[in-house]
Amino acid sequence: MIKNTANPILGILGVGYFASYFITSLRNGGYEGTIYLSPRNAQTAKRLSEEHQCLIAQNNQDVIDKSDIILISVRPEQLSGLMDQLSFRNNQIVISAVAGKTINEHFTIADNLPPTLIRMIPVCSIEAGEGVVPIFPSNAEVEKLANYTGTPISFDSEHDFDLALTTSCMNGWLYEFFGTMTNWLEKKGLSQDKARKVILHNIRGATAYALQKDDQKLADITNEIATEGTFTLEGLNLLKKQQGFTAWNQALDHVHKKLGEE
């Protein structure tokens, strides 16, 4: 069992972008537990230790020895090399942010893992305390930890979790989309600062409105706004004619297929 359920000690193997998002969101959300960092990425580990009161461990095994919950945050091809010659306690919880690797594949690659292995998706929005944190399988301790960072959603099957993983890639696509609209405004004469605010706050407002209408289908909200004779419908019809939405579905299908090949 975890010694301190209020503030379990967290250890992180793989101190990169997701670890930075996660630690920042934990501290901003009020998590006061001890956090140990792998020393391998020395520059990032030093920055996080200074900004968010983390401790840098001597090595990866030292991270494991001192922690109740261990987050593995490396690329899929790095997992095997990372796990070599490491040992865990059976009562520890391991969270994997390794994209595209199933629970069974984790245990095939690393048979030294403890029984409780939970998958979690890395998304940049958690640094702002926003966005979904998909989890599989359900685990009360991991959900409690994730609650500091955003909105945890636990899935009943790995298939459903992988669908959520696919859509997490959308974050990067959306920033490109937002940037395209911002650039259009700037070319038409709006200042960079105002263009950015107009686009981002429009998006924020749209999502906030939809979240409070959780009894309505999203398409129904569109139909309420894009009514006959509106400029909204004019633009929407053009997007459909140019197959703008079809391309998004194609991108999701492509990523989902690639995740299954990892």
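The values are calculated or read from the model by the stated rules, or taken from the named source; none is laboratory data. Model, not experiment: these values are computed from the prediction. Ideal geometry is used to build each Cβ from the backbone, glycine not excepted, and the neighbour counts take in all protein chains shown. Ligands, DNA and RNA are excluded from the accessible area calculation, which covers all protein heavy atoms including side chains. Shrake-Rupley method; radii C 1.70, N 1.55, O 1.52, S 1.80 Å.
Tabulated data for the structure shown
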read-out	value
Share of pairwise Cα separations in the range 1-65, more than 20 Å, in percent	20 percent
Probe 1.4 Å, accessible area per residue of the chain, Å²	59 Å²
Exposure of residue 148 as accessible area (Å², to 10), given a probe of 1.4 Å and all protein chains	60 Å²
Within straight-line cross-link reach of residue 66, aspartates and glutamates at Cα separation under 18 Å, skipping those fewer than 8 residues along the same chain	32, 141
Between the range 135-187 and the range 19-72, the alpha-carbon center distance in angstrom	22 Å
Kirkwood Rh in Å, taken over all unlike Cα pairs in the range 214-262	12.9 Å
Percent carbon-and-sulfur accessible area, the chain, ignoring ligands, DNA and RNA, probe 1.4 Å	52 percent
Stokes-Einstein translational diffusion, the range 16-105 - Kirkwood Rh over all Cα pairs, 1.002 mPa s, 20 °C, in µm²/s	155 µm²/s
Spherically averaged projected area in nm², based on the convex hull that wraps the Cα atoms of the chain	16.4 nm²
Cα-Cα pairs of the range 61-132 separated by more than 16 Å (percent)	49 percent
Where only C-alpha atoms are counted, convex hull volume of the range 120-197 per residue in Å³	76 Å³
Residue-span extension gain [residue 220 to residue 240] - 0.36 nm each, minus C-alpha spacing	5.6 nm
All lysines inside 17 Å of residue 187 as judged from Cα atoms, apart from same-chain residues fewer than 8 positions distant	197
Order by protection proxy (mean Cβ within 10 Å, highest first), peptides 117-130, 171-184, 51-64	117-130, 51-64, 171-184
